[in-house]
Amino acid sequence: MLGVLVVLGGAGWIAADVVRDQGGCDRPAVVRVAAAPGVAPAVAQVARRVAQTECAAFEVNAVDSAAVAQSLALPGGEIRPDVWIPESTLQLRRAKGVGASGIAGGTSIASSPVVFALTEEAASGLGWPGRVPSWSDVLGAPGLALGVPDPGRDPAGLSALIGIRAAVPAADAHAAALRRLSPNAVPTTDDLFARLADRTLAGFPVSENALLRYNVRNGVAGAQSGLVATYQAEAPALDYPFAVLGGAGEDQRRAAGALLSALLGLEGSNALANAGFRTPDGRYLRDGATQNVSDRTLPSPAVPTDADVDALLGQWARINSSSRARVLIDVAGSMDVEVPGTGQTRMQLTTDAAARALSLFKPTSESSVWEFATRLDGDRDYREVLPMRPVSDHLASGAAERLRAIQATPDGDTGLYDTVLAAYRLASAEWQAGRLNLVIVLTDGRNDDADGISRDALVAELAKLADPARPVAIIGIGIGPDVDVAELAAITTPTGGQTFAAPDPARITDVFYGALARLTGA
C-alpha cells in the first residue's frame, strides 16, 4: 500500500509524511480534504493511520472555510476538494457549488459550543469562580469592552447572534447589546485574540475549542491569565460536518468513507478530544475545570433555517448602519395631561423615552430634535431643540437632560401636518447615502391646525417627494388614547414607514424602544 499525507500550510501543498507498504497499491486514490484550521491537525493524524490500511493518499488542507466557500462559488475557483470539513453545517448548507452527496454528506465529526470568553479579571467581577456568569450578565455588565467576530464571515459570530437574541430578548436590551458589540466587530476570531493582547477587549464570543487552544498556548496556571468560558444553551455549537463534495470520484468516495468511519471511531474520538473538541452529541471527554471550561454534556440546539439566518444577518447589517434621524416631539397642551398611576405627564414620559433612546442609535448616527405645536416660532409650528449632530456629540454634551427639560405649551394645538412636511422636505434634501434616513414623529393627538396644509394635500406631497433611490421613512408613534392611528398611518405609508401605537402613555418607553429596535434590525 502507499499512503501520502499532505498538510497544507499557507499557500501551497506540502508533503508532510509518506507511508509505504509493499502491498501492491500502485495507484492510490488521492483524496483532497479541506478542513477548518482548528480541526485539521486531528483529521490529519487520523488520516495517517487510514492511509496505511487503504489504497489512498489523503491531502489534508488547513484552510479558512470562507475561502473554500468563495472558491466553490466561482467556476474557476482554485480550491476544489473532494471532502470539506467546515466549522458549521450553516456554512456547508449556504455555500454554492458544493453538491454534497452520499451518506458522508454533512456528517458531524465533532462539536464545540460557542462561548462568551472573558478574561479572568472580567469573569471575577461577575462572580466567577463561585458562579459562572450568564450571557445576559456579560452583556449587561457596564464597563466591559466586548467584541464579536463578523457574523457574516465567522460561524462563531453568527451563532453568537442567535445566542444573544435568546439571552436578551427585550427589544431595548437586545438593540443595546448589539450596538455595544458593533464598534468592536472584527473579521475573524484571530483578530479578537490579537485585540486581547493589548487589553482593549475583556470578552467576545468564540468557539470553546479556540478558547482552549488559547489557554493551552498561554498557560492558565502561569503568569498570564487564561480565558473563562460562559455558556448560552440556545447558541448553536460548531458541528464540523464531513461532506463528500459532488466532484469526488468513486474511489475518492470509498476512501473518504473510510476516513469518516475512523474519525467517528475510538481513534478519531480520542484524537479530537485531545485537540479540545467535544463529541458530536456534546460530550466533553477530558477534564475541563483546569482549562476554565465546563465538562458537562452540552447538546447543541437545532440549526436555524436559512430564512432565520438571513433575517439575523440583515439585522446585524442594519445595526451596523448609521442613521440620520429627525425626531419630532409634540408639545401641544394635551401633552401636559398626567398619566394615571405614574405621577408624570405624557410630556415627561415621552421626553424621558426620547432621551434614553439616544443610546439605541449607533454613536456615528446623526440626529436632531424638533418640538412642535402651533405657532411656536412666529407662524411656524415647529422649532429646533437639538441641531443635527452625531449622537456621540449629543451624549457627551448633555443632550439627554435637554430633552427631558422640554415642556408642553399650555395653549398650543397640534400642528402636525405642516411640521411633518417641513421635516420631510429637509430630510429629503439632506439625504445621505449609507445611512437610515428617518423622520420620527411622537404625538398624542391629531392635526388641529386649521390654517395649515390638509391631510390629502400632505399625503399627495409626501408621495411626490418619496424617492426609492433616496429613501426617507416616516415613523409615527402615537401616544395616549386619543391618538388617531389611521391618520398617522396615512402619513407614514407613502414613505415606506411604519406606525406604532402606545394607547397607555406609561408604556411609551417600551413602544419607542421597540420601534427603534425594529428600525435598526434588532
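Observations on the model:
- In the chain, taking the dipole from charged Cβ atoms about the Cα centre, the farthest positive-side position among 399, 363, 495 is held by 363.
- Once backbone amide H atoms are built at 1.01 Å from N, residue 374 has 413, 415 as its partners under 5 Å, excluding neighbours fewer than 5 places away on the same chain.
- A protection proxy built from the mean count of other Cβ atoms within 10 Å ranks the segments 299-307, 191-199, most packed first, as 191-199, 299-307.
- Per-residue packing, averaged as other Cβ atoms within 10 Å, sorts the ranges 483-491, 458-466, 360-368 into the order 360-368, 483-491, 458-466, beginning with the highest.
- Globularity index of the range 450-507, i.e. its alpha-carbon radius of gyration over 2.2 N^0.38 Å: 1.24
- When only alpha carbons are used to place a centre, the range 412-451 and the range 115-141 end up 44 Å from one another.
- Quick note on the range 102-226: its Rg to Rh ratio, both from C-alpha atoms and Rh being the Kirkwood radius, is 0.99.
- For the range 230-384: Kirkwood Rh in Å [reciprocal of mean 1/r, alpha carbons]: 22.3 Å
- When you count the other C-beta atoms within 10 angstrom of each residue and take the mean per peptide, 282-292, 497-507 line up highest first as 497-507, 282-292.
- Compactness relative to 2.2 N^0.38 Å, alpha carbon Rg of the range 381-522: 1.05
- With 10 Å bins from 0: P(r) over the range 324-372, alpha-carbon pairs, percent: 24, 47, 24, 6
- Note on the range 191-303: Cα convex hull, mean projected area over all directions, 9.1 nm².
- Here's how it looks for residue 322: its modeled amide H is under 5 Å from those of 436, which are all 5 or more places away or on a different chain.
- Normalised per residue, the volume of the convex hull around the Cα set of the chain (Å³): 170 Å³
- Computed about the Cα centre, the dipole magnitude for the chain is approximately 1640 debye when only Lys and Arg (+1) and Asp and Glu (-1) carry charge, each at its Cβ.
- Phi angles across the range 446-452 convert, under the Karplus curve 6.51 cos²θ - 1.76 cosθ + 1.60 with θ = phi - 60°, into 3J(HN,Hα) values of 10, 4, 9, 9, 5, 8, x Hz, Gly and Pro given as x.
- In order along the range 422-434, the Karplus-derived 3J(HN,Hα) couplings, from 6.51 cos²θ - 1.76 cosθ + 1.60 at θ = phi - 60°, round to 4, 5, 5, 4, 5, 5, 5, 5, 9, 3, 10, 5, x Hz, and Gly and Pro are given as x.
- For the range 156-163, 3J(HN,Hα) per residue [Karplus equation, 6.51 cos²θ - 1.76 cosθ + 1.60, θ = phi - 60°, Hz, x = Gly/Pro]: 5, x, 5, 4, 4, 4, 5, x
Quick note: the coordinates plus some simple rules give every number you see, no bench work behind them. What you are looking at is a predicted structure, and each value in this text was computed from that prediction instead of being measured. Cβ coordinates were reconstructed from backbone atoms using ideal geometry, including for glycine residues, and neighbour counts include every protein chain displayed.
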